[in-house]
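Read through the structure below, which is laid out as structure tokens, and then see the notes.
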Amino acid sequence: MPDFNDVGPQRTFDVIPAGTIATVELTIRSGGAGEDGWLRRSKDGASEGLDLELTVTEGPFSKRKFWCLLTLGGTTPGHSEAGDISRRRIRGILESARGIRPDDASDEAKAARQIASYGDLDGLRFIARIGVEPAQGNYRAKNTLDEAITPDRQAWRRVEQVPKPAGSAVPPAPTAASTTSVTAATALDRPAWAR
């Protein structure tokens, strides 16, 4: 007879409370789009962005995950504005992970804000303020990335980076579905933002 006395209680999947500050690890869910294959293209082919999975690494919410899509470019003025917001968010992530104050204009700080590929972001750990997007229609409330906490903020602390495994600088092979949409979109006259 199966005995369930020694297993822990079931976990709840309530959202992490808004305003929670936690160390998170960023994983890019590659879509096979963009120059280096790390971006995901929207279903209609009108925009591309980074599809992020964020995992809390410590504390009472350890191992909990939430997701964030950072649109980097597209065909509409809204995509352009979203791209600017997303690039600012990436800068904040780099500053948090690498211990750079936003007002630091030294050559070292400028170099630390540069990446060779979006893959350089994969596996970064940083301090995040977690938000909550309210329930909408049939969708439950969900956690969001409110902001990356940078060294000029009291809540920031240095985070130890975990070395990436060998071969992780290459995006995972896209799924058959994403390959089809990427191939179809590539065959069309792609807008300048996607070239």
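The values are calculated or read from the model by the stated rules, or taken from the named source; none is laboratory data. Being a predicted model, the structure only gives us computed values, none of them experimental. Using ideal geometry, Cβ is built from the backbone for each residue, glycine included, and neighbour counts are taken over all protein chains shown.
Structure values in brief
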| quantity | calculated |
| --- | --- |
| Sole residue being of a type outside the set (Ser, Thr, Tyr) and over 29 Å from Glu58 (Cα atoms), chosen from Leu94, Leu72 | Leu72 |
| Cβ-Cβ under 7 Å pairs, at least 6 apart or on other chains, region 1-17 side among the hydroxyl-bearing types (Ser, Thr, Tyr), far side at pLDDT 85 or above and in a loop (DSSP other than H, G, I, E, B) | none |
| Enumeration of residues in region 108-142 that are among the hydrophobic types (A, V, I, L, M, F, W, C) and in contact with a Lys or Arg (Cβ under 7 Å, 6 or more places away or on another chain) | Ala112, Ile127 |
| Output for region 91-119, where each listed residue is crowded, with 19+ Cβ neighbours inside 10 Å and either without any contact (Cβ under 8 Å) to a residue 12 or more places away in the chain or of a type in the set (A, V, I, L, M) (or both) | Ile93, Leu94, Ala97, Ile100 |
| Test: residue in region 71-93 that is part of a helix (DSSP H, G or I), hydrophobic (A, V, I, L, M, F, W, C), touching a helix residue (DSSP H, G or I) at 6+ places or on another chain (Cβ under 8 Å) and under 26 Å from Gln154 (Cα atoms) | yes |
| Lone unmet requirement of (1) closer than 25 Å to Lys43 by Cα; (2) in contact with a Pro (Cβ under 9 Å, 6 or more places away or on another chain) for Gly99 | (1) |
| Set Lys63, Lys43: member being surrounded by fewer than 19 Cβ atoms within 10 Å (Cβ to Cβ) and farther than 22 Å from Glu160 by Cα | Lys43 |
| Conditions (1) at pLDDT below 95; (2) over 13 Å from the mean Cα position of the chain (by Cα); (3) crowded, with 19+ Cβ neighbours inside 10 Å; number of the one not met by Ser30 | (2) |
| Members of region 120-145 found to be assigned to a strand (DSSP E or B) and in contact (Cβ under 8 Å) with a residue 60 or more places away in the chain, listed by number | Arg125, Phe126, Ile127, Ala128, Arg129, Ile130, Gly131, Val132, Lys142, Asn143, Thr144, Leu145 |
